[in-house]
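Working notes, beginning with the structure itself.
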Amino acid sequence: MDKHLLSINDLSASEAIQILNTASELSKISDGPMKKLPTLRGRTVVNLFFEDSTRTRISFESAAKRLSADVINFSAKGSSVSKGESLKDTAQTLQAMGADAVVIRHGASGAAQRLADSGWISACVINAGDGTHEHPTQALLDAYTIRSKFPDLTENFNGLKVAIVGDILHSRVARSNVLLLTKLGAKVTLVAPPTLIPVGISNWPVEVSYDLDQAIKNVDVVMMLRVQSERMAASFFPSEREYSRGYGLDLARLNSLNSSTIVMHPGPMNRGLEISAESADSHKSVVLAQVANGVLIRMAVLYQLLGGAALTGEVSA
Amino acid sequence: MATVLDAGEIGRALKRIAHEIIEHNHGLENVVLLGIPTRGAFLGTRIANFLGEIASPVPVGTLDITLHRDDLRMRPPRPLLPTNIPLGGIEGRDVVLVDDVLFSGRTIRAALDAIGEIGRPRSVQLAVLVDRGHRELPIRADYVGKNIPTSSNESVRVHLSEIDGNDSVEITAGA
(Lines give C-alpha, C1' and ligand atoms only; values in the text may rest on other atoms or scores of the structure.)
Protein backbone atom coordinates (compact mmCIF):
# COMPACT_ATOMS: atom_id res chain seq x y z
CA MET A 1 0.00 0.00 0.00
CA ASP A 2 1.15 3.46 -0.92
CA LYS A 3 1.64 6.31 1.50
CA HIS A 4 -1.80 7.64 0.57
CA LEU A 5 -5.23 6.15 -0.02
CA LEU A 6 -6.66 8.17 -2.89
CA SER A 7 -8.29 5.54 -5.03
CA ILE A 8 -9.12 1.85 -4.91
CA ASN A 9 -6.55 1.58 -7.71
CA ASP A 10 -3.88 2.27 -5.05
CA LEU A 11 -4.64 -1.17 -3.61
CA SER A 12 -4.01 -4.64 -4.96
CA ALA A 13 -6.61 -7.31 -4.26
CA SER A 14 -4.41 -8.79 -1.52
CA GLU A 15 -3.87 -5.39 0.10
CA ALA A 16 -7.62 -4.82 0.12
CA ILE A 17 -8.18 -8.23 1.73
CA GLN A 18 -5.45 -7.36 4.23
CA ILE A 19 -7.40 -4.23 5.22
CA LEU A 20 -10.58 -6.29 5.62
CA ASN A 21 -8.71 -8.82 7.76
CA THR A 22 -7.22 -6.07 9.91
CA ALA A 23 -10.71 -4.64 10.38
CA SER A 24 -12.09 -7.99 11.47
CA GLU A 25 -9.30 -8.45 14.03
CA LEU A 26 -9.97 -4.91 15.23
CA SER A 27 -13.66 -5.75 15.60
CA LYS A 28 -12.78 -8.62 17.93
CA ILE A 29 -10.70 -6.43 20.21
CA SER A 30 -12.18 -2.98 20.00
CA ASP A 31 -15.82 -4.08 20.07
CA GLY A 32 -14.94 -6.45 22.88
CA PRO A 33 -12.36 -6.11 25.59
CA MET A 34 -10.33 -3.07 24.52
CA LYS A 35 -12.33 0.00 23.61
CA LYS A 36 -9.31 2.23 23.26
CA LEU A 37 -5.97 1.26 21.77
CA PRO A 38 -2.72 3.20 22.26
CA THR A 39 -1.44 2.59 18.73
CA LEU A 40 -1.52 6.12 17.28
CA ARG A 41 -0.83 8.05 20.47
CA GLY A 42 0.77 11.40 19.66
CA ARG A 43 -0.27 11.35 16.01
CA THR A 44 -2.55 14.04 14.62
CA VAL A 45 -5.34 13.33 12.14
CA VAL A 46 -7.03 16.28 10.46
CA ASN A 47 -10.52 15.90 9.05
CA LEU A 48 -10.59 18.41 6.21
CA PHE A 49 -14.19 18.58 5.02
CA PHE A 50 -15.14 20.97 2.25
CA GLU A 51 -18.48 19.20 1.76
CA ASP A 52 -21.15 18.31 4.28
CA SER A 53 -20.94 14.89 5.84
CA THR A 54 -22.33 13.16 8.88
CA ARG A 55 -21.34 9.52 8.68
CA THR A 56 -17.90 9.77 7.12
CA ARG A 57 -16.58 12.55 9.33
CA ILE A 58 -17.89 11.06 12.57
CA SER A 59 -16.65 7.67 11.47
CA PHE A 60 -13.10 8.89 10.79
CA GLU A 61 -13.12 10.90 14.01
CA SER A 62 -14.21 7.98 16.10
CA ALA A 63 -11.76 5.62 14.35
CA ALA A 64 -8.85 7.98 15.04
CA LYS A 65 -9.90 8.48 18.66
CA ARG A 66 -10.22 4.75 19.32
CA LEU A 67 -6.59 4.46 18.20
CA SER A 68 -5.64 7.35 20.54
CA ALA A 69 -4.74 9.81 17.77
CA ASP A 70 -5.48 13.50 18.24
CA VAL A 71 -8.23 14.70 15.92
CA ILE A 72 -8.71 18.16 14.48
CA ASN A 73 -11.96 18.75 12.67
CA PHE A 74 -11.97 21.31 9.96
CA SER A 75 -15.02 22.18 7.93
CA ALA A 76 -15.12 24.78 5.22
CA LYS A 77 -18.04 26.53 6.81
CA GLY A 78 -16.85 28.81 9.60
CA SER A 79 -13.19 28.64 8.50
CA SER A 80 -11.02 30.98 6.45
CA VAL A 81 -12.08 29.03 3.36
CA SER A 82 -15.29 31.04 3.42
CA LYS A 83 -13.06 34.15 3.28
CA GLY A 84 -11.55 32.81 0.06
CA GLU A 85 -8.48 30.91 1.30
CA SER A 86 -7.16 28.47 -1.30
CA LEU A 87 -6.65 24.74 -0.83
CA LYS A 88 -2.92 25.35 -0.99
CA ASP A 89 -2.89 27.84 1.88
CA THR A 90 -5.19 25.68 3.95
CA ALA A 91 -2.95 22.68 3.32
CA GLN A 92 0.19 24.57 4.27
CA THR A 93 -1.45 25.74 7.48
CA LEU A 94 -2.16 22.12 8.37
CA GLN A 95 1.43 21.20 7.50
CA ALA A 96 2.73 23.92 9.82
CA MET A 97 0.56 22.49 12.60
CA GLY A 98 2.14 19.07 12.16
CA ALA A 99 -0.67 16.92 10.80
CA ASP A 100 0.31 13.26 10.29
CA ALA A 101 -2.73 12.38 8.21
CA VAL A 102 -5.28 14.48 6.35
CA VAL A 103 -8.69 13.05 5.63
CA ILE A 104 -10.11 15.14 2.82
CA ARG A 105 -13.57 15.46 1.35
CA HIS A 106 -13.93 17.92 -1.46
CA GLY A 107 -16.51 18.72 -4.11
CA ALA A 108 -13.92 18.71 -6.88
CA SER A 109 -12.87 15.37 -8.39
CA GLY A 110 -9.13 14.96 -7.94
CA ALA A 111 -8.79 17.27 -4.93
CA ALA A 112 -7.26 14.50 -2.81
CA GLN A 113 -4.81 13.63 -5.58
CA ARG A 114 -3.83 17.29 -5.88
CA LEU A 115 -3.22 17.51 -2.15
CA ALA A 116 -1.10 14.38 -2.17
CA ASP A 117 0.99 15.20 -5.26
CA SER A 118 1.45 18.91 -4.81
CA GLY A 119 4.22 18.74 -2.25
CA TRP A 120 2.30 21.18 -0.04
CA ILE A 121 2.18 18.74 2.82
CA SER A 122 4.08 15.67 3.96
CA ALA A 123 1.12 14.01 5.70
CA CYS A 124 -0.65 10.89 4.49
CA VAL A 125 -3.73 11.82 2.48
CA ILE A 126 -6.89 9.77 2.74
CA ASN A 127 -9.62 10.44 0.20
CA ALA A 128 -12.98 10.64 1.95
CA GLY A 129 -14.84 11.48 -1.25
CA ASP A 130 -13.78 13.80 -4.06
CA GLY A 131 -16.54 15.10 -6.30
CA THR A 132 -17.92 12.35 -8.50
CA HIS A 133 -14.62 10.47 -8.57
CA GLU A 134 -13.98 8.06 -5.67
CA HIS A 135 -14.72 7.23 -2.04
CA PRO A 136 -12.38 4.31 -1.31
CA THR A 137 -13.11 3.76 2.39
CA GLN A 138 -16.82 3.46 1.59
CA ALA A 139 -16.07 0.68 -0.91
CA LEU A 140 -13.86 -1.07 1.66
CA LEU A 141 -16.53 -0.92 4.34
CA ASP A 142 -19.12 -2.18 1.85
CA ALA A 143 -16.86 -5.10 0.95
CA TYR A 144 -16.34 -5.78 4.66
CA THR A 145 -20.10 -5.72 5.26
CA ILE A 146 -20.71 -8.08 2.32
CA ARG A 147 -18.03 -10.45 3.57
CA SER A 148 -19.54 -10.52 7.06
CA LYS A 149 -22.93 -11.54 5.58
CA PHE A 150 -21.51 -14.20 3.24
CA PRO A 151 -19.02 -16.16 5.35
CA ASP A 152 -17.96 -18.30 2.35
CA LEU A 153 -16.14 -15.29 0.93
CA THR A 154 -12.74 -14.97 2.52
CA GLU A 155 -9.88 -14.33 0.11
CA ASN A 156 -11.96 -13.27 -2.91
CA PHE A 157 -15.53 -12.56 -3.99
CA ASN A 158 -15.65 -14.99 -6.93
CA GLY A 159 -19.23 -15.88 -7.82
CA LEU A 160 -20.81 -13.00 -5.91
CA LYS A 161 -23.43 -11.11 -7.93
CA VAL A 162 -23.96 -7.44 -7.09
CA ALA A 163 -26.43 -4.95 -8.55
CA ILE A 164 -25.59 -1.27 -8.04
CA VAL A 165 -28.72 0.76 -8.64
CA GLY A 166 -29.43 4.43 -9.21
CA ASP A 167 -27.47 7.60 -9.78
CA ILE A 168 -24.29 6.00 -11.13
CA LEU A 169 -23.34 9.17 -13.00
CA HIS A 170 -22.74 11.26 -9.89
CA SER A 171 -21.73 8.48 -7.55
CA ARG A 172 -18.18 8.21 -6.23
CA VAL A 173 -19.43 5.32 -4.11
CA ALA A 174 -20.38 3.41 -7.27
CA ARG A 175 -16.99 4.04 -8.90
CA SER A 176 -15.01 2.85 -5.90
CA ASN A 177 -17.28 -0.13 -5.42
CA VAL A 178 -17.06 -1.19 -9.07
CA LEU A 179 -13.26 -1.04 -8.88
CA LEU A 180 -13.02 -2.94 -5.60
CA LEU A 181 -15.73 -5.56 -6.14
CA THR A 182 -14.52 -6.47 -9.63
CA LYS A 183 -10.93 -6.53 -8.36
CA LEU A 184 -12.04 -9.08 -5.78
CA GLY A 185 -13.82 -11.15 -8.44
CA ALA A 186 -17.48 -10.21 -8.04
CA LYS A 187 -19.81 -9.77 -11.00
CA VAL A 188 -21.29 -6.27 -10.98
CA THR A 189 -24.36 -5.05 -12.84
CA LEU A 190 -25.14 -1.34 -12.92
CA VAL A 191 -28.83 -0.45 -13.09
CA ALA A 192 -30.01 3.07 -13.90
CA PRO A 193 -31.95 5.13 -16.38
CA PRO A 194 -29.77 5.85 -19.45
CA THR A 195 -29.40 9.50 -18.42
CA LEU A 196 -27.68 8.49 -15.16
CA ILE A 197 -25.16 6.13 -16.76
CA PRO A 198 -21.76 7.78 -17.38
CA VAL A 199 -20.31 8.16 -20.86
CA GLY A 200 -17.71 5.49 -21.59
CA ILE A 201 -19.39 2.84 -19.46
CA SER A 202 -18.41 0.20 -22.02
CA ASN A 203 -14.83 0.44 -20.72
CA TRP A 204 -15.90 -0.52 -17.22
CA PRO A 205 -15.72 -4.20 -16.25
CA VAL A 206 -19.47 -4.33 -15.60
CA GLU A 207 -22.79 -5.13 -17.21
CA VAL A 208 -25.45 -2.45 -17.61
CA SER A 209 -29.17 -2.90 -17.31
CA TYR A 210 -32.06 -0.47 -17.58
CA ASP A 211 -34.57 -2.89 -16.06
CA LEU A 212 -34.43 -3.10 -12.27
CA ASP A 213 -36.95 -5.95 -11.91
CA GLN A 214 -34.93 -8.10 -14.28
CA ALA A 215 -31.53 -7.12 -12.86
CA ILE A 216 -32.25 -7.92 -9.22
CA LYS A 217 -33.36 -11.48 -9.93
CA ASN A 218 -30.84 -13.83 -8.34
CA VAL A 219 -28.35 -11.22 -7.16
CA ASP A 220 -26.69 -11.56 -3.75
CA VAL A 221 -26.35 -7.85 -3.04
CA VAL A 222 -28.54 -4.91 -4.05
CA MET A 223 -26.70 -1.65 -3.49
CA MET A 224 -28.98 1.37 -3.78
CA LEU A 225 -27.41 4.77 -4.43
CA ARG A 226 -28.65 8.15 -3.33
CA VAL A 227 -30.10 10.40 -6.01
CA GLN A 228 -27.71 13.32 -5.71
CA SER A 229 -30.05 16.22 -6.39
CA GLU A 230 -27.37 18.73 -5.31
CA ARG A 231 -25.14 17.67 -8.22
CA MET A 232 -27.94 17.73 -10.79
CA ALA A 233 -28.00 20.95 -12.74
CA ALA A 234 -30.24 19.53 -15.44
CA SER A 235 -33.18 17.21 -15.12
CA PHE A 236 -32.09 13.62 -15.54
CA PHE A 237 -35.54 12.08 -15.15
CA PRO A 238 -39.07 13.43 -15.65
CA SER A 239 -40.21 13.35 -12.03
CA GLU A 240 -39.21 11.86 -8.70
CA ARG A 241 -42.31 9.73 -8.78
CA GLU A 242 -41.41 8.27 -12.15
CA TYR A 243 -37.85 7.58 -10.99
CA SER A 244 -39.15 5.87 -7.91
CA ARG A 245 -41.51 3.69 -9.98
CA GLY A 246 -38.74 2.59 -12.32
CA TYR A 247 -35.68 2.45 -10.09
CA GLY A 248 -36.81 2.64 -6.46
CA LEU A 249 -36.57 -0.39 -4.19
CA ASP A 250 -40.17 -0.72 -3.03
CA LEU A 251 -41.86 -3.47 -1.06
CA ALA A 252 -42.81 -5.54 -4.11
CA ARG A 253 -39.21 -5.54 -5.38
CA LEU A 254 -37.91 -6.24 -1.88
CA ASN A 255 -40.16 -9.29 -1.67
CA SER A 256 -38.94 -10.54 -5.05
CA LEU A 257 -35.35 -10.85 -3.76
CA ASN A 258 -33.80 -14.17 -2.77
CA SER A 259 -33.97 -14.91 0.93
CA SER A 260 -30.21 -14.46 1.44
CA THR A 261 -29.93 -11.23 -0.57
CA ILE A 262 -28.87 -8.14 1.33
CA VAL A 263 -29.81 -4.51 0.67
CA MET A 264 -27.16 -1.82 1.07
CA HIS A 265 -27.22 1.96 0.91
CA PRO A 266 -24.26 4.27 1.60
CA GLY A 267 -26.53 6.89 3.15
CA PRO A 268 -27.96 9.41 3.54
CA MET A 269 -31.14 7.78 2.23
CA ASN A 270 -33.89 9.58 0.37
CA ARG A 271 -36.71 7.49 1.81
CA GLY A 272 -39.52 7.20 -0.69
CA LEU A 273 -37.30 8.08 -3.65
CA GLU A 274 -34.63 5.44 -4.32
CA ILE A 275 -35.57 3.24 -1.36
CA SER A 276 -38.90 2.82 0.40
CA ALA A 277 -39.13 2.91 4.17
CA GLU A 278 -40.14 -0.78 4.24
CA SER A 279 -36.97 -1.73 2.35
CA ALA A 280 -34.73 0.55 4.40
CA ASP A 281 -35.98 -0.90 7.68
CA SER A 282 -36.35 -4.54 6.59
CA HIS A 283 -34.23 -7.34 7.96
CA LYS A 284 -32.49 -7.57 4.58
CA SER A 285 -31.15 -4.04 5.04
CA VAL A 286 -27.59 -3.78 6.37
CA VAL A 287 -27.46 0.00 6.35
CA LEU A 288 -26.67 0.32 10.04
CA ALA A 289 -24.10 -2.45 9.88
CA GLN A 290 -22.41 -0.45 7.12
CA VAL A 291 -22.13 2.54 9.44
CA ALA A 292 -20.75 0.45 12.31
CA ASN A 293 -18.25 -1.28 10.01
CA GLY A 294 -17.13 2.10 8.69
CA VAL A 295 -15.37 2.82 11.97
CA LEU A 296 -13.49 -0.49 11.85
CA ILE A 297 -12.42 -0.04 8.23
CA ARG A 298 -11.19 3.49 8.92
CA MET A 299 -9.27 2.24 11.97
CA ALA A 300 -7.68 -0.39 9.74
CA VAL A 301 -6.77 2.19 7.08
CA LEU A 302 -5.33 4.61 9.66
CA TYR A 303 -3.34 1.75 11.18
CA GLN A 304 -1.99 0.70 7.78
CA LEU A 305 -0.98 4.26 6.87
CA LEU A 306 0.17 5.60 10.24
CA GLY A 307 0.78 2.53 12.36
CA GLY A 308 4.20 1.71 11.02
CA ALA A 309 7.29 3.61 10.05
CA ALA A 310 7.12 5.97 7.11
CA LEU A 311 8.06 3.92 4.07
CA THR A 312 11.09 6.09 3.41
CA GLY A 313 12.08 6.21 7.08
CA GLU A 314 14.89 4.16 8.51
CA VAL A 315 14.02 0.66 9.60
CA SER A 316 15.70 -0.72 12.67
CA ALA A 317 16.14 -4.41 13.35
CA MET B 1 23.29 -23.57 13.11
CA ALA B 2 22.85 -25.69 16.21
CA THR B 3 19.75 -27.45 17.45
CA VAL B 4 19.37 -26.79 21.17
CA LEU B 5 15.99 -28.47 21.76
CA ASP B 6 14.45 -31.35 19.81
CA ALA B 7 10.83 -32.45 19.67
CA GLY B 8 11.08 -34.73 22.71
CA GLU B 9 12.79 -32.07 24.82
CA ILE B 10 10.21 -29.45 23.85
CA GLY B 11 7.41 -31.83 24.85
CA ARG B 12 9.04 -32.61 28.21
CA ALA B 13 9.75 -28.93 28.91
CA LEU B 14 6.10 -28.01 28.26
CA LYS B 15 4.90 -30.88 30.44
CA ARG B 16 7.18 -29.75 33.26
CA ILE B 17 5.89 -26.18 32.88
CA ALA B 18 2.34 -27.55 33.15
CA HIS B 19 3.26 -29.28 36.44
CA GLU B 20 4.93 -26.12 37.74
CA ILE B 21 1.83 -24.05 36.94
CA ILE B 22 -0.32 -26.44 38.99
CA GLU B 23 2.19 -26.45 41.85
CA HIS B 24 2.69 -22.69 41.92
CA ASN B 25 -1.04 -21.88 41.84
CA HIS B 26 -2.11 -24.71 44.21
CA GLY B 27 -4.46 -26.09 41.55
CA LEU B 28 -6.01 -24.68 38.43
CA GLU B 29 -9.35 -23.24 39.59
CA ASN B 30 -8.33 -19.65 38.93
CA VAL B 31 -5.83 -20.08 36.08
CA VAL B 32 -6.28 -18.68 32.55
CA LEU B 33 -3.69 -19.22 29.81
CA LEU B 34 -3.08 -16.51 27.21
CA GLY B 35 -0.71 -17.31 24.33
CA ILE B 36 0.95 -14.55 22.35
CA PRO B 37 0.57 -15.23 18.61
CA THR B 38 1.98 -16.71 16.53
CA ARG B 39 3.97 -19.46 18.28
CA GLY B 40 3.04 -18.54 21.84
CA ALA B 41 -0.57 -19.28 20.95
CA PHE B 42 0.30 -22.86 19.89
CA LEU B 43 2.43 -23.34 23.01
CA GLY B 44 -0.47 -22.07 25.16
CA THR B 45 -2.78 -24.65 23.60
CA ARG B 46 -0.21 -27.42 24.13
CA ILE B 47 0.29 -26.51 27.80
CA ALA B 48 -3.49 -26.37 28.24
CA ASN B 49 -3.75 -29.88 26.76
CA PHE B 50 -1.13 -31.14 29.23
CA LEU B 51 -2.98 -29.45 32.10
CA GLY B 52 -6.19 -31.12 30.93
CA GLU B 53 -4.46 -34.55 30.95
CA ILE B 54 -2.76 -34.06 34.30
CA ALA B 55 -5.42 -32.19 36.26
CA SER B 56 -8.39 -30.33 34.80
CA PRO B 57 -9.19 -28.27 31.68
CA VAL B 58 -8.28 -24.57 31.85
CA PRO B 59 -9.53 -21.65 29.74
CA VAL B 60 -7.01 -20.82 27.03
CA GLY B 61 -6.97 -17.81 24.72
CA THR B 62 -4.70 -15.68 22.60
CA LEU B 63 -3.58 -12.08 22.97
CA ASP B 64 -2.18 -10.14 20.03
CA ILE B 65 0.05 -7.33 21.24
CA THR B 66 0.80 -5.65 17.89
CA LEU B 67 -1.24 -2.54 18.64
CA HIS B 68 0.56 -2.09 21.97
CA ARG B 69 4.13 -2.41 20.70
CA ASP B 70 6.57 0.43 21.38
CA ASP B 71 8.50 -0.15 18.14
CA LEU B 72 5.56 0.27 15.75
CA ARG B 73 7.04 3.35 14.17
CA MET B 74 10.37 1.71 13.49
CA ARG B 75 8.95 -0.89 11.13
CA PRO B 76 6.38 -1.13 8.36
CA PRO B 77 2.86 -1.89 9.63
CA ARG B 78 2.39 -5.48 10.70
CA PRO B 79 -0.71 -7.53 10.09
CA LEU B 80 -2.82 -8.06 13.18
CA LEU B 81 -3.06 -11.55 14.64
CA PRO B 82 -6.05 -13.06 16.40
CA THR B 83 -7.01 -12.10 19.94
CA ASN B 84 -9.46 -14.44 21.68
CA ILE B 85 -10.12 -13.78 25.33
CA PRO B 86 -11.73 -16.86 26.99
CA LEU B 87 -15.39 -16.48 27.92
CA GLY B 88 -14.87 -16.06 31.66
CA GLY B 89 -12.56 -13.10 31.03
CA ILE B 90 -9.48 -12.38 33.10
CA GLU B 91 -10.93 -10.27 35.89
CA GLY B 92 -9.55 -11.54 39.22
CA ARG B 93 -7.94 -14.59 37.56
CA ASP B 94 -4.34 -15.79 37.61
CA VAL B 95 -3.25 -15.17 34.02
CA VAL B 96 -0.34 -17.16 32.62
CA LEU B 97 1.12 -15.49 29.51
CA VAL B 98 2.79 -17.93 27.14
CA ASP B 99 5.42 -16.98 24.56
CA ASP B 100 8.11 -18.81 22.64
CA VAL B 101 11.26 -16.75 23.29
CA LEU B 102 11.94 -14.22 26.04
CA PHE B 103 14.53 -11.71 24.81
CA SER B 104 14.35 -7.94 25.40
CA GLY B 105 11.12 -8.19 27.40
CA ARG B 106 9.39 -5.61 25.24
CA THR B 107 6.76 -8.01 23.94
CA ILE B 108 5.83 -8.87 27.50
CA ARG B 109 5.64 -5.20 28.48
CA ALA B 110 3.22 -4.67 25.56
CA ALA B 111 1.25 -7.73 26.68
CA LEU B 112 0.99 -6.34 30.22
CA ASP B 113 -0.39 -3.10 28.75
CA ALA B 114 -2.88 -5.04 26.66
CA ILE B 115 -4.00 -7.04 29.69
CA GLY B 116 -4.41 -3.82 31.64
CA GLU B 117 -6.88 -2.62 29.00
CA ILE B 118 -8.96 -5.79 29.30
CA GLY B 119 -9.26 -6.09 33.05
CA ARG B 120 -7.49 -6.54 36.38
CA PRO B 121 -6.23 -10.07 36.90
CA ARG B 122 -5.21 -11.17 40.41
CA SER B 123 -1.77 -12.02 39.09
CA VAL B 124 0.08 -12.27 35.79
CA GLN B 125 2.69 -14.98 35.34
CA LEU B 126 4.96 -15.69 32.40
CA ALA B 127 5.81 -19.01 30.77
CA VAL B 128 8.37 -19.16 27.94
CA LEU B 129 9.89 -22.03 26.03
CA VAL B 130 13.28 -20.33 25.76
CA ASP B 131 14.88 -17.57 27.81
CA ARG B 132 17.84 -16.25 25.84
CA GLY B 133 18.78 -13.32 28.12
CA HIS B 134 19.62 -9.74 27.03
CA ARG B 135 16.70 -8.13 28.84
CA GLU B 136 16.10 -4.43 28.23
CA LEU B 137 13.32 -4.14 30.82
CA PRO B 138 12.90 -5.41 34.40
CA ILE B 139 10.91 -8.50 33.38
CA ARG B 140 11.48 -12.17 34.28
CA ALA B 141 9.78 -15.46 33.49
CA ASP B 142 8.07 -17.65 36.12
CA TYR B 143 8.29 -20.81 34.05
CA VAL B 144 11.17 -21.44 31.64
CA GLY B 145 11.51 -24.39 29.27
CA LYS B 146 15.24 -23.85 28.84
CA ASN B 147 17.68 -21.07 29.59
CA ILE B 148 19.92 -20.64 26.56
CA PRO B 149 22.89 -18.28 26.90
CA THR B 150 23.30 -16.46 23.60
CA SER B 151 25.27 -13.57 22.22
CA SER B 152 23.16 -10.66 21.06
CA ASN B 153 23.97 -11.16 17.37
CA GLU B 154 22.77 -14.76 17.35
CA SER B 155 19.16 -15.51 16.56
CA VAL B 156 16.94 -18.13 18.16
CA ARG B 157 14.38 -19.87 15.96
CA VAL B 158 11.52 -21.85 17.41
CA HIS B 159 9.85 -24.28 15.00
CA LEU B 160 6.52 -25.83 15.93
CA SER B 161 4.80 -28.62 14.04
CA GLU B 162 1.53 -26.63 13.85
CA ILE B 163 3.00 -24.19 11.33
CA ASP B 164 6.62 -25.17 10.66
CA GLY B 165 6.13 -28.90 10.18
CA ASN B 166 8.50 -29.99 12.96
CA ASP B 167 9.35 -29.24 16.58
CA SER B 168 12.79 -27.79 17.25
CA VAL B 169 14.69 -24.82 18.63
CA GLU B 170 17.77 -23.67 16.73
CA ILE B 171 20.43 -21.03 17.19
CA THR B 172 21.94 -19.41 14.13
CA ALA B 173 24.85 -16.99 14.05
CA GLY B 174 23.79 -13.49 13.17
CA ALA B 175 24.87 -11.65 10.06
Unit-weight point scatterers at every alpha-carbon of region A:141-194, Debye formula, q = 0.30 1/Å: log10 I(q)/I(0) is -1.27
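Ignoring any ligand, DNA or RNA, what whole percent of the accessible area of region A:136-291 comes from carbon and sulfur when the probe is 1.4 angstrom?
Numbers: 3350 of 6590 Å².
The nonpolar share, carbon plus sulfur, comes to 51 percent.
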Ordered by number, the GluC sites (Glu not before Pro) in region A:115-210 that occupy a DSSP loop and have at most 13 other Cβ atoms within 10 Å are A:GLU155
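So which GluC sites (Glu not before Pro) in region B:9-105 end up in coil per DSSP with only 15 or fewer other C-beta atoms within 10 Å? Don't skip to the answer; put the middle values down first.
Working: sites: B:GLU9, B:GLU20, B:GLU23, B:GLU29, B:GLU53, B:GLU91; in loops: B:GLU29, B:GLU91.
Filter output for region B:9-105: B:GLU29, B:GLU91.
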Spelling it out for A:VAL71: with amide H atoms placed in the peptide plane at 1.01 Å from N, the residues 5 or more places away or on another chain with amide H under 5 Å from its amide H are A:VAL45
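Over chain B, with every protein chain in place, what whole percent of the accessible area is carbon and sulfur at 1.4 Å, could you tell me? Numbers along the way, then the final one.
On the way: 4030 of 8030 Å².
In chain B, the share of accessible area belonging to carbon and sulfur is 50 percent.
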Nearest 10, in degrees from 0 to 90: the angle of helix A:172-183 to the longest Cα principal axis of chain A is 90
Rounded to the nearest 10 degrees, the helix A:13-30 long axis (Cα) sits at an angle to the longest Cα principal axis of chain A of 80
Between A:ALA128 and residues 5 or more places away or on another chain, the pairs with built amide H atoms under 5 Å apart involve A:ILE104, A:ARG105
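At a threshold of 8 angstrom on Cα-Cα distance, excluding pairs fewer than six apart, so keeping six or more, what relative contact order does region A:131-251 reach in percent? Before the final figure, lay out each step's value.
Details: 176 pairs, mean separation 35.2, N = 121.
The normalised contact order for region A:131-251 reaches 29 percent.
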Of all DSSP beta bridges with both partners in the protein assembly as shown, the antiparallel percent, nearest 5, is 15
Taking every C-alpha to C-alpha distance in the protein assembly as shown and binning by 10 Å from 0, the per-bin percentages run 4, 18, 24, 21, 17, 11, 5, 1, 0
In region B:45-82, the residues losing 40 Å² or more of accessible area (1.4 Å probe, heavy atoms of protein chains only) relative to their chain alone are B:LEU67, B:HIS68, B:LEU72, B:ARG73, B:MET74, B:ARG75, B:PRO77, B:LEU80
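How much of the accessible area of region A:13-134, in percent, comes from carbon and sulfur atoms when a 1.4 Å probe is used? Present the calculation step by step, with values, prior to reporting the outcome.
Numbers: 2370 of 4920 Å².
Carbon and sulfur atoms account for 48 percent of the accessible area of region A:13-134.
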Cα extents of region A:185-317 per principal axis, largest first, Å, are 63, 35, 30
The number of Lys pairs in chain A whose alpha carbons lie under 20 Å apart, excluding pairs fewer than 8 residues apart on one chain, is 18
Losing no less than 10 Å² of accessible area (probe 1.4 Å) relative to the isolated chain, the residues of region A:22-42 are A:THR22, A:GLU25, A:LEU26, A:LYS28, A:ILE29, A:PRO33, A:MET34, A:LYS36, A:LEU37, A:PRO38, A:THR39, A:ARG41
The answer for the protein assembly as shown, accessible area per residue at 1.4 Å probe in Å², is 43
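To the nearest hundred square angstrom, how large is the accessible surface buried between A and B, total for both chains, probe 1.4 angstrom?
Details: alone 13950 and 8990 Å², together 21010 Å².
Chains A and B together bury approximately 1900 Å².
The values are calculated or read from the model by the stated rules, or taken from the named source; none is laboratory data. Computed from a predicted structure; not experimentally measured. Note that each Cβ is placed from the backbone with ideal geometry, even for glycine, and that neighbours are counted across all protein chains shown. What goes into the accessible areas is simple: the full protein's heavy atoms, side chains included, and nothing from ligands, DNA or RNA. Shrake-Rupley method; radii C 1.70, N 1.55, O 1.52, S 1.80 Å.
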